[in-house]
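Have a look at the structure below before the remarks.
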Amino acid sequence: MLMQIDVAKQFSPYPSGRYPADGTFNGQRFREEILLPALKRAQSATGSKVLVDIDGVRSFGSSFLEEAFAGLIRNGAFSHSELDALLEIVCTKSHLAFFKDSIISYINDAVPQQASVHA
């Protein structure tokens, strides 16, 4: 089963910022309210994938992309291999290909945060 998220239609054609303080259409909100629930549903349905369509978006802020996508790894929601099996970025517009490449790069570079240990 394929689930599709059209970022422009389901979230905003102008997503930007990392946190809620940065504006309504920030990366944390997209990850927590739209992307993470869809990925969790896909994970529980064997063989499912989430297609994230970025074609209708006018532009992205790098902080939005890093928080929304790399945040899935950094916050421990998914491993790299789990996310690779579940997520596909759809981009047919050549002027947005840079953003697709950026998303992939942010995910690949993401490192899970270690829980701090207090002595």
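Results, tabulated for the structure shown:
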read-out: Sites residue 2 and residue 62 - FRET efficiency at Förster radius 22 Å, r taken between beta-carbons, to 0.05; value: 0.20
read-out: Approximate spin-label separation residue 98-residue 46, in nm, with each point projected 7 Å along Cα-to-Cβ; value: 4.4 nm
read-out: Backbone HN-Hα couplings from phi across the range 97-105 [Karplus 6.51/-1.76/1.60, Hz, Gly and Pro as x]; value: 4, 4, 5, 4, 4, 5, 4, 4, 5
read-out: Contact order normalised by residue count of the range 1-113, Cα under 8 Å, 6+ apart, percent; value: 30 percent
read-out: Test item: Cα-centred dipole of the chain, Lys/Arg +1 and Asp/Glu -1 on Cβ, debye; value: 180 debye
read-out: Estimated 222 nm signal from helices in the chain, with DSSP H stretches of n ≥ 4 weighted -39500 (n - 2.57), rounded to 500; value: -9000 deg cm²/dmol
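Throughout, read-outs are computed from the coordinates displayed, never taken from laboratory work. Note that the coordinates shown come from a computational prediction; the quantities given were computed from them, not determined experimentally. So basically every Cβ, Gly included, is an ideal-geometry build from the backbone, and we count neighbours across all protein chains shown.
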